[in-house]
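The values are calculated or read from the model by the stated rules, or taken from the named source; none is laboratory data. Please read these numbers as outputs of a predicted model, since none were measured by experiment. Cβ placement follows ideal geometry from the backbone for every residue including glycine, while neighbour counts extend to all protein chains displayed. Ligands, DNA and RNA are stripped out before the accessible areas are found, and what is left, the full protein with its side chains, is counted by its heavy atoms. Shrake-Rupley method; radii C 1.70, N 1.55, O 1.52, S 1.80 Å.
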Amino acid sequence: MAYYLMLFAAGFAGSFHCIGMCGGFACALGRDPHGHAATVLRHLLYNTGRLTTYCFLGGLAGALGQVICTPQGMTVSLVGGPLDAAQRILAIVAGLLMIGMALQFFGLLQGFHRLASGFGSSAFAMSLRSLLTARGRAAPLAFGVFNGFLPCPLVYAFVAEATSTAGALPGFLTMASFGLGTFPAMLMMGGVGQVLAPAWRQRGVWLAGSCILLLGLITLSRGILPIAAHIAHGWPGGHPA
Amino acid sequence: MTDDRLCRHCLLTIGRRAMRRTVNGENCAFCCYGCCIAFQVRSGKSEEWEAAWLLIRLGVGGFLSMNIMLFSLLLYTGAFTGVDARLLPWVHLLLWIFATPALVILGGPFLRETWLDGVQGRLRSSALIVVGVGAAYIYSAFAVIERGTHVYFDTATMVLMLFTVGRYLEAAGRARAARDLEPLLAAESACATVVNGGAETRRAVRDVKARMLVRVRPGERIPVDGVVTEGESHTDEAVITGESRQVAKSVGSPVIAGSINLDGPLLIQSSGAGTTTRWAQICRSVRDALVRRSPTQRIADRVVGASVPVVLALGGLTMLYWAQWLPLERALLFGLAVLVVACPCAVGLAAPLATSLGIGRLARCGCLVRDPGVLEALARTRLLAFDKTGTLTSGRAHVVGIETDGAGTDEVLARAAGLERYSEHGFGHAITTAAAVRGLDPVVTGDVRILPGRGIRGNADGKAVVAGNGALMSELGWSVAPALSEHGRSLEADGYSVIYIGWGEQVRAALALDDSVLPEARSTVEALRSRGLHVLLLSGDLAHATQRVAVAAGIQDAQSGLSPEAKRAALRQLRQRYNVVAMVGDGLNDGPVLADADIGIAVGSATDLARETAALVLPRDGLWMLPWVVDVARAVRMTILTNLMWAFGYNCIAVTLAMLGWLQPVLAAAVMAGSSIIVVLNSLRLERLPNPVPSAAPDQSAAVESAPTMHTSSLPIIAGQAIP
């Protein structure tokens with residue numbers, strides 16, 4: 001449980017990064033003319049769509065990790081069982097990816113940034129704007145779903161983490177915790193509609209970077225150090241199987 | 001674009017199953033659902049409800065199917081076993097509730113397509129999806145009611161989702177194929193700003209008449225042919241001429257429709273109706289070419305048409321077979337996998353995409369393909385027959401030698417030029433140019449009369465001066481030195497055109513004129529030969545003249561003295577040996593021969609495109625592009641073959657795997673969608689073909705080298721690019 005709480009916290013910290021891009025969307029989603037409750041509903045729908053995409057990606061990534069780790073189709077027993085080599089490698093790769101993403105938040109590794117956000121999807125994002133102004137309950141939900149697929153280093157980092165859990169359920173839970181972590185900030189952005197001062201936003205980005213860096217180091221150590229693996233699993237609750 | 005035969009998004013032929021939508025207030029036709037989505041996503045204005053509605057449907061469909069997939073993943077990993085097993089029916093019910101709207105939203109377009117095809121008595125690939133997904137859904141619904149252990153809502157929705165996303169991605173890739181063709185096809189839908197008095201009105205180009213004033217702002221395409229009456233700018237005429245360079249335009253300069261006005265506003269007086277420009281002609285020609293189907297495409301279409309019932313039968317048989325040993329649900333899944341994986345979309349896409357990319361790639365360099373089959377034929381041909389005049393030669397006469405009876409060559413040329421500057425004849429031009437090249441002032445000549453078919457006469461310094469053929473000289477009864485007369489006859493026998501110059505009642509000189517070989521002819525022939533092509537010269541000219549050109553161009557095999565009928569007979573004979581023959585001509589004199597060849601290629605055609613008989617038209621002075629065109633044609637054919645091999649091979653292997661039960665339906669759908677995308681990506685490699693590189697710059701020295709040498713002593717050679 002503590003593991004997922006930490007992910008939630010990381011998501012919360014990371015969401016200050018979201019304010020840069022997705023916060024703009026949340027602001028643009030705006031208020032509903034039918035009153036405060038309708039506005040809250042609108043934003044909840046948007047965030048639900050986003051969360052669904054994250055969870056789906058998490059589940060998929062986890063399942064992929066599972067496939068990689070168990071080529072013979074055996075299910076890996078995570079509790080107590082020693083990590084096999086494939087999962088270690090996966091953890092190392094995911095950890096390195098996360099560290100790379102984190103460094104990019106600090107303004108390092110600019111090439112990595114292009115790699116992370118340069119899939120030419122800005123045209124896609126532009127075409128999504130038509131959804132922001134569309135009426136109806138379905139539009140914000142649909143927008144949220146697409147928003148979840150927009151390239152974002154934060155999401156990539158957590159998807160990498162989800163893959164390293166090597167299981168559909170833990171992967172799903174990883175992304176769910178992260179997604180729920182981003183809820184407060186995004187709801188605040190949309191509902192309150194206040195934009196934080198740029199200085200604060202910069203601090204938020206650093207905070208997000210630190211969190212991911214920490215997570216990346218933990219994931220990496222899970223792959224490298226035999227003891228750390230036991231520490232990770234020694235947590236109360238650990239990875240549920 | 002008002003044409004309904006081409007898809008609005010990817011410019012491929014629509015066929016009979018058009019999808020029609022209203023985007024931005026216009027009626028648009030699309031060849032498939034993917035193009036419909038991609039076009040609306042790309043071009044739909046944000047205030048358009050329909051574009052937004054489409055995205056909303058996709059988004060909500062995605063939301064529902066992702067939820068279904070998540071729950072199913074949890075089911076598969078065994079989250080609801082043991083204590084939670086009593087929750088299972090409720091989870092199934094929840095999945096059913098999610099799946100029903102998802103099926104309606106995502107499956108609607110496929111169902112509609114199937115229905116429309118069915119009404120017309122046809123079965124297409126969408127029928128496979130509808131049958132497969134419908135079966136999975138109905139079975140699962142019964143399983144929920146009967147409290148069965150397995151439901152397959154995830155399979156049903158994910159197959160739909162993957163096919164929708166796959167079609168979108170495929171269409172997005174296909175739009176890149178249309179990029180090169182767009183400027184050419186824009187002619188019909190182009191608008192012009194017509195200035196009438198002080199008022200400016202926007203009109204369709206087809207409503208622009210001759211002598212109207214049209215304003216063109218920087219960055220706009222010039223919509224009509226005409227003359228600049230106001231303003232200065234540069235234009236890029238690449239669309240029409242194939243040469244991407246800036247041409248300066250000022251008052252009085254002619255401009256051609258289709259070129260881009262680069263940097264200054266221009267006011268243009270139209271010189272003809274908007275529909276008669278070469279741009280508009282090219283537009284119609286390209287559109288016709290795109291609508292036509294190549295032979296390969298016809299075969300592929302027939303295979304696709306025949307395969308759908310076969311696949312349905314295979315799916316049914318697979319299910320029946322496995323149902324004997326396995327529970328019905330497993331057998332059903334195997335059957336579904338067969339239906340999904342055998343969808344023959346990629347086969348239908350293989351040829352038209354590569355062909356239209358090839359046509360676009362050639363069009364960008366000014367080469368016009370009028371029949372899509374010609375690219376494949378050109379790639380297969382082993383023989384290229386050339387016409388001589390106007391194709392390998394410039395088609396313009398040059399003075400290549402002067403024989404005199406003692407008079408100075410400069411005097412001869414100056415007197416001849418004094419006469420010939422009044423002549424419109426090509427020979428006259430050649431003589432004045434020869435005089436100008438040597439820096440001679442033409443002798444002032446008065447009382448000039450043209451004697452049609454014979455020559456020209458006038459008066460200079462009180463003496464009669466005559467230039468003309470031998471017949472004119474004997475008619476006049478002027479005396480000729482025997483040596484000069486002998487030389488003249490032998491020159492004529494060698495295929496030169498001979499003009500006699502005389503004054504003071506005596507023939508003083510004989511000028512030999514010849515058509516000069518194009519400077520790029522030799523390198524082009526060499527490049528073609530290095531591509532394994534046999535090059536042949538077929539000429540209607542005399543043997544000596546033909547041989548001179550053949551030697552200059554480096555062609556070993558030449559046939560001379562052929563009438564157009566004899567040329568066609570020669571081609572027929574060659575076809576027996578080479579199977580496919582290509583004929584290269586100038587499109588002026590050899591129209592019937594070009595039409596008769598398997599591939600007619602016109603170079604530098606000045607004729608009306610509508611009357612053009614060649615299937616492939618190179619731009620003026622575009623002979624040097626021919627090897628590159630062959631390269632493009634071969635690349636297109638290679639791409640079509642690899643596409644077809646991939647699509648067929650993939651289908652065969654995948655169907656076998658699916659029938660053996662080794663392929664999950666969701667995986668099958670993913671790989672199926674991937675196969676179409678691979679075909680698109682493979683075809684898009686054609687975009688990366690290098691641009692043509694001029695192998696020989698047309699310059700003076702090359703022209704002199706290639707000009708034939710003569711056995712005259714008085715003046716070796718005056719040659720060069722006669723007329724700029």
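Name the residue that is nearest to residue B:132 (Cα to Cα), counting only residues in segment B:641-651 that are among the aromatic types (Phe, Trp, Tyr) and surrounded by fewer than 18 Cβ atoms within 10 Å (Cβ to Cβ). Going through the qualifying residues, I end up with B:648. Candidates are the residues of segment B:556-582 that are part of a loop (DSSP other than H, G, I, E, B) and of a type in the set (S, T, N, Q); the one that is modelled with the lowest pLDDT is B:563. In segment B:58-79, the residues that are more than 23 Å from residue B:168 (Cβ to Cβ) and facing chain A (nearest Cβ under 7 Å) form Cβ pairs under 6 Å with partners that are in a helix (DSSP H, G or I) and not charged (D, E, K, R), at six or more places apart or across chains, as follows: B:73/A:59; B:73/A:168; B:77/A:168; B:77/A:169. Looking at residue B:129, is it within 41 Å of the chain's Cα centre (by Cα) and within 14 Å of chain A (Cβ to nearest Cβ)? Criteria not met by residue B:129. Of all residues in segment B:268-301, those satisfying the criterion of being in a helix (DSSP H, G or I) and either hydrophobic (A, V, I, L, M, F, W, C) or within 30 Å of residue B:136 (Cβ to Cβ) (or both) are B:279, B:280, B:282, B:283, B:286, B:289, B:290, B:291, B:299, B:300, B:301. Residue count for segment B:494-541 under the criterion of being farther than 30 Å from residue B:618 by Cβ and either in a strand (DSSP E or B) or β-branched (Val, Ile, Thr) (or both): the result is 13. Residue count for segment B:92-132 under the criterion of being free of Cβ contacts under 8 Å to residues at least 60 places away in the same chain and aliphatic (A, V, I, L, M): the result is 13. Among residues of segment B:488-504 being at pLDDT 85 or above and within 26 Å of residue B:448 (Cα to Cα), the one that is surrounded by the fewest Cβ atoms within 10 Å (Cβ to Cβ) is B:498.
The set of residues from segment B:358-396 being touching a Pro at 6+ places or on another chain (Cβ under 8 Å), open to solvent by less than 10 Å² (accessible area, probe 1.4 Å) and within 19 Å of residue B:533 (Cβ to Cβ) comprises just one member, B:367. Taken over segment B:260-279, the residue count meeting the criterion of being touching a helix residue (DSSP H, G or I) at 6+ places or on another chain (Cβ under 7 Å) and crowded, with 22+ Cβ neighbours inside 10 Å is 2. Is it true that residue B:377 is within 27 Å of the chain's Cα centre (by Cα) and either part of a loop (DSSP other than H, G, I, E, B) or modelled with pLDDT under 85 (or both)? No, not satisfied.
Quick check: anything in segment B:193-206 under 30 Å from residue B:102 (Cα atoms) and open to solvent by 30 Å² or more (accessible area, probe 1.4 Å)? For segment B:193-206, residues under 30 Å from residue B:102 (Cα atoms) and open to solvent by 30 Å² or more (accessible area, probe 1.4 Å): absent. Residues in segment A:190-206 that are more than 18 Å from the chain's Cα centre (by Cα) and either at pLDDT 80 or above or not polar (S, T, N, Q) (or both): A:190, A:191, A:192, A:193, A:195, A:196, A:197, A:198, A:199, A:200, A:201, A:203. Inspection of segment B:281-296 identifies no residue that is open to solvent by 30 Å² or more (accessible area, probe 1.4 Å), free of Cβ contacts under 8 Å to residues at least 60 places away in the same chain and not aliphatic (A, V, I, L, M). Criterion applied to A:209, A:171 was being modelled with pLDDT of 85 or more and closer than 21 Å to residue A:9 by Cβ, and the one residue passing it is A:171. Residue pairs whose Cβ atoms lie under 6 Å apart, separated by 6 or more positions or on different chains, with the first residue in segment B:390-419 and closer than 12 Å to residue B:440 by Cβ and the second open to solvent by 10 Å² or more (accessible area, probe 1.4 Å) and of a type in the set (D, E, K, R), do not occur. Close contacts from segment A:92-107, counting a first residue that is farther than 15 Å from residue A:158 by Cβ and a second that is modelled with pLDDT under 80, with Cβ to Cβ under 6 Å and a gap of 6+ residues or different chains, come to A:92/A:223; A:103/A:109; A:106/A:209. Of everything in segment B:652-690 that's outside any helix (DSSP H, G or I) and open to solvent by less than 30 Å² (accessible area, probe 1.4 Å), which residue is farthest from residue A:63 (Cα to Cα)? By that ranking, first place goes to B:661.
Under the condition of being open to solvent by less than 20 Å² (accessible area, probe 1.4 Å) and at pLDDT below 75, the residues counted in segment A:11-29 number 10.
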